[in-house]
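Q: Right, I'll just put the structure down here and ask away after.
The values are calculated or read from the model by the stated rules, or taken from the named source; none is laboratory data. Owing to the predicted nature of the structure, the values given are computational and were not obtained by experimental measurement. Neighbour counts are summed over all protein chains in view; Cβ atoms, including those assigned to glycine, are modelled from backbone coordinates with ideal geometry. Surface accessibility is based on the protein's heavy atoms, side chains included, excluding ligands, DNA and RNA. Shrake-Rupley method; radii C 1.70, N 1.55, O 1.52, S 1.80 Å.
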Amino acid sequence: MFKTAYAYGLRRNDTRMLDLTDFGRNPDGRELGQYGTLLVRHGKATKGSPPKRRSVLTVWTWTPGTIEEWITEVRPGMRHSTSRALWPSERGARIGVQRLDSRFAAYRDAVGLDPALEFHSLRRSSSPT
């Protein structure tokens, strides 16, 4: 989940609201298969507006394999794997924002990264150049 957020420069809510059907092909990136684009349906909105939708192109060659492995090998063993959410949780059909934050903090602390880093840091740091 964190690799996907990093690869596409996603916010927390962008990430948690992804569904299995949000990936598509990119005719100019055939080598990426069915993971050439990502449709973000729940992007940050301006005040009083509905969520902004946008498509994001896949740029990292490792991204499709990471997503494919999650969908085919890990996700099917989860309790709520019948939901359409890309990231179900052990307690519900879709992972919550607080769980994203707590899990990120746990991993960050476990590997000794700066405590100032937060989930949004993935968005700010994702650049293929």
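Q: If only one of ALA85, ALA106 is closer than 27 Å to THR72 by Cα and either charged (D, E, K, R) or crowded, with 17+ Cβ neighbours inside 10 Å (or both), which one is it?
A: None of the other options fit; the residue is ALA85.
Q: What is the one condition in (1) touching a residue at least 12 places away in the same chain (Cβ under 8 Å); (2) more than 14 Å from ARG16 (Cα to Cα); (3) assigned to a loop (DSSP other than H, G, I, E, B) that TYR107 does not satisfy?
A: (3) is the only condition that TYR107 fails.
Q: Give the stretch 57-71 a look and list any residue that's assigned to a helix (DSSP H, G or I) and open to solvent by less than 70 Å² (accessible area, probe 1.4 Å), or say none.
A: THR63, PRO64, GLY65, THR66, ILE67, GLU68, TRP70, ILE71
Q: Which of the residues belonging to the stretch 110-126 are within 25 Å of GLY43 (Cα to Cα) and part of a loop (DSSP other than H, G, I, E, B)?
A: Matches in the stretch 110-126: ALA116, LEU117, GLU118, PHE119, SER126.
Q: Residue under question is GLY92, and the condition is that it be free of Cβ contacts under 8 Å to residues at least 60 places away in the same chain, open to solvent by less than 60 Å² (accessible area, probe 1.4 Å) and closer than 17 Å to ASP19 by Cα; does it hold?
A: Judged against the criteria, GLY92 is a match.
Q: Something else: List pairs: first in the stretch 22-41 and closer than 16 Å to LEU10 by Cβ and modelled with pLDDT of 95 or more, second among the acidic types (Asp, Glu) and open to solvent by 50 Å² or more (accessible area, probe 1.4 Å), Cβ under 8 Å, 6+ apart or cross-chain?
A: Taking only residues 6 or more apart or on different chains, the pairs are TYR35/GLU68.
Q: Do you know which of the residues in the stretch 9-38 that are more than 23 Å from GLU118 (Cβ to Cβ) and open to solvent by 50 Å² or more (accessible area, probe 1.4 Å) is nearest to the chain's Cα centre (by Cα)?
A: Filtering first and then ranking leaves LEU20.
Q: PRO76: assigned to a loop (DSSP other than H, G, I, E, B) and either modelled with pLDDT under 95 or more than 19 Å from TYR6 (Cβ to Cβ) (or both), yes or no?
A: Taking the combined requirement at face value, the residue does not satisfy it.
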